[in-house]
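Supplied in structure tokens, the structure appears directly below.
The values are calculated or read from the model by the stated rules, or taken from the named source; none is laboratory data. Note that the structure is predicted; figures quoted are calculated from it, not measured. Using ideal geometry, Cβ is built from the backbone for each residue, glycine included, and neighbour counts are taken over all protein chains shown. Calculation scope for accessible area: heavy atoms of the full protein, side chains included, ligands and nucleic acids excluded. Shrake-Rupley method; radii C 1.70, N 1.55, O 1.52, S 1.80 Å.
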Amino acid sequence: MSVRVAVVGTGRMGAAMAGRLRAQGVPVTVFNRTAERAAAVAARTGADLAPSARAAATAAEVVLVSLADDAAVEAAYTGDDGLVAGLRAGTVVADTSTVDPRTALRLGDLVRDAGGAHLDAPVSGSVPVVERGELTVLAGGDAADLDRARPVLDRLAARVVHVGPAGAGATIKLAVNGIVHALNQALSEALVLAEASGVDRATAYDVFAASVVGGPFVQYKRAAFVDPENASAAFTLDLVGKDLDLLLALAGRGGVPVRQAEVNRAAVAAASAAGFGDRDMSAVAAHLRQLRS
Ligand SMILES: NC(=O)c1ccc[n+]([C@@H]2O[C@H](COP(=O)([O-])OP(=O)(O)OC[C@H]3O[C@@H](n4cnc5c(N)ncnc54)[C@H](OP(=O)(O)O)[C@@H]3O)[C@@H](O)[C@H]2O)c1
């Protein structure tokens, strides 16, 4: 594939995306706010390094964005060195960050005003899922624009779902993550409950994994839950908190009662306050163990 891809944001997910695309022979240019992080990805994968989001966008036909939150995407899109300033006519920006749907709409307008196309394209699945090319992409925007980005997204994803118009991808992502974070909380509680009652941790986990609830999340989180001391963070608790804040705000605007999400948000806030914010989301279980002792 000769289409050049820019990856703006080489955090956990962006770095994995750049690595997966390079492994498939796709030309990639990377940019990250902390330059050393992008330089390490470039050295490891053979991607080119851009000095700004603007330069990365200028180099590419498809721009993938993977940034932490609304403030991060705002910073990367706007200003003299922002990606919008570097867009060429027809460049497609597929933003995989989990952000407020209103932010996705606003930044999409900026991209279209500059002659580009924009998709809110958040993803379901974590780092190992990217590495296997098995993400689910939840895209909002114009179907024809999505078709232009598909050859790139198909390298990263087992499924690319066109959810609806601009903002629909960002919206459904928050709904999906409400379920993921509820499952994470329930799994943590069940595991610590079983342990506290004398059942071996790995045995308990394997029973959950073999039961009716043993879907993909439970399967790929085994190492993180069973051997937390040796697990690296795939998705931090601080980002879980961000997701739940966005979900609660969306629910508030729609007048939808989401009591479970409120409880889960409080549990994550307590874990972050206890120092677990930069740990993997499975550290909810570690926090529960700490509360017991
Ligand atoms: N990890 C997962 O399993 C997963 C799964 C699905 C979706 N997501 C979503 O994907 C996105 C990236 O997640 P991640 O786990 O890769 O996060 P991460 O490892 O924490 O990386 C965050 C990225 O955002 C950048 N950033 C943060 N604040 C910024 C700012 N103010 N200005 C510019 N750049 C800023 C960081 O740059 P620096 O290096 O300079 O800090 C880094 O590139 C998030 O929206 C997350 O919710 C993650």
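Count the DSSP beta bridges whose two residues both fall in the chain, then state the antiparallel fraction as a percent rounded to the nearest 5.
On the way: 4 of 28 bridges.
The answer is about 15 percent antiparallel.
Can you give me the Rg/Rh ratio for the stretch 5-164, using Cα atoms for both radii and the Kirkwood formula for Rh?
Details: Rg = 13.7 Å, Rh = 14.9 Å.
On the Cα set of the stretch 5-164, Rg over Rh gives 0.92.
Another question, then. With +1 assigned to the C-beta of every Lys and Arg and -1 to the C-beta of every Asp and Glu, and no other charges, what is the dipole magnitude of the chain about the Cα centre in debye, to the nearest 20?
Values: 28 positive and 31 negative charges, 62 e Å.
Taking the Cα centre of the chain as origin, the dipole is about 300 debye.
Using a simple spin-label model with points 7 Å from Cα along the Cα→Cβ vector, what separation in nm is obtained for Asp227 and Leu105?
Spacing of the two 7 Å Cα→Cβ label points: 4.7 nm.
While we're looking at this one, here's another question. By the scheme Lys and Arg +1, Asp and Glu -1, what is the net charge of all other residues having a beta-carbon under 15 Å from that of Leu174? Walk me through the intermediate numbers first.
Working: positive: Arg102, Lys173, Lys242, Arg253, Arg265; negative: Asp69, Asp70, Asp95, Asp100, Asp120, Asp243, Asp245, Glu262.
Counting the neighbours of Leu174, the net charge comes to -3.
With a 1.4 Å probe and all protein chains left in place, how much of the accessible area of the chain comes from carbon and sulfur atoms, in whole percent?
56
Now for a separate question. Within a Cβ distance under 12 Å of Gly108, other residues only, what is the Lys/Arg minus Asp/Glu net charge?
On the way: positive: Arg102, Arg106, Arg112; negative: Asp95, Asp109, Asp113, Asp120, Asp142, Asp145.
My count for the surroundings of Gly108 gives -3.
Measuring from label point to label point, each 7 Å out along Cα→Cβ, what is the Asp113 to Asp278 span in nm?
It is 3.6 nm.
I would also like to ask the following. Hey, what did the chain get for relative contact order, percent, Cα under 8 Å, at least 6 apart?
Details: 564 pairs, mean separation 37.5, N = 293.
Contact order relative to length: 13 percent.
Also, I was wondering about something else. Using a 7 Å offset from the Cα along the Cα-to-Cβ direction at both Tyr220 and Leu183, what is the distance between the two label points in nm, to one decimal?
Reported label-point gap for Tyr220 and Leu183 is 1.0 nm.
Then there's this: Would you mind getting the accessible area per residue of the stretch 212-293, heavy atoms of the protein chains only, 1.4 Å probe, in Å²?
Working: 4170 Å² over 82 residues.
That works out to 51 Å² for each residue.
Follow-up. Ala144 to Ala210: FRET efficiency via 1/(1 + (r/R0)^6), r the Cβ-Cβ distance, R0 51 Å, to the nearest 0.05? Let's see the in-between values first.
On the way: r = 44 Å, r/R0 = 0.87.
With R0 = 51 Å, the Cβ-Cβ based efficiency is 0.70.
Let me ask something additional. Report the gain in length on full extension from Ala75 to Ser197: 0.36 nm times residue separation, minus Cα-Cα distance, nm rounded to one decimal.
Working: separation 122, 0.36 × 122 = 43.92 nm, distance 4.86 nm.
The Ala75-Ser197 span can extend by a further 39.1 nm.
Moving on. Have a look at the DSSP beta bridges in the stretch 25-178 and tell me what percent are antiparallel, nearest 5. The partial results should precede the final answer.
Numbers: 3 of 19 bridges.
Just about 15 percent of them are antiparallel.
Follow-up question, since we're still on this one. Counting heavy atoms of the protein chains only and a 1.4 Å probe, report the per residue accessible area for the stretch 5-164 as a whole number of Å². Provide the component values of the computation, followed by the final result.
Details: 6060 Å² over 160 residues.
About 38 Å² of surface per residue is accessible.
Dividing the alpha-carbon Rg of the stretch 64-118 by 2.2 N^0.38 Å yields what?
On the way: Rg = 10.0 Å, N = 55, 2.2 N^0.38 = 10.1 Å.
Working it through for the stretch 64-118, the quotient is 0.99.
Now for a separate question. Sort Arg222, Arg292 by heavy-atom solvent-accessible area, probe 1.4 angstrom, most to least. Mind dumping the intermediate values first?
Details: Arg222 90, Arg292 165 Å².
The most accessible residue leads, giving Arg292, Arg222.
Please list the three semi-axes, largest first and in whole Å, of the ellipsoid equivalent to the chain, using sqrt of 5 times the eigenvalues of its alpha carbon gyration tensor.
Largest first, the chain gives 34, 21, 17 Å.
List the residues, sorted by chain then number, that are 5 or more residues from Val28 or on another chain and whose placed amide H is less than 5 Å from its amide H.
Amide H to amide H, under 5 Å and 5 or more residues apart or across chains, Val28 pairs with Val5, Asp48.
Can you list, largest first and rounded to whole Å, the semi-axes you get for the stretch 171-292 by taking the square root of 5 times each eigenvalue of its Cα gyration tensor? Could you put the intermediate results ahead of the total?
Details: eigenvalues 120, 50, 34 Å².
Three semi-axes, in Å: 24, 16, 13.
Right, another one. Give a residue-ordered list of calculated ³J(HN,Hα) values for the stretch 104-110 (Karplus: 6.51 cos²θ - 1.76 cosθ + 1.60, θ = phi - 60°; whole Hz; x for Gly, Pro).
For the stretch 104-110, the Karplus-derived couplings read 4, 5, 5, 5, x, 4, 4 Hz, x marking Gly and Pro.
Another question about this same structure. Comparing Ala271, Ala283, Ala231, which has the greatest mean-square fluctuation in the GNM of the chain with Cα pairs linked when under 10 Å apart?
Ala231
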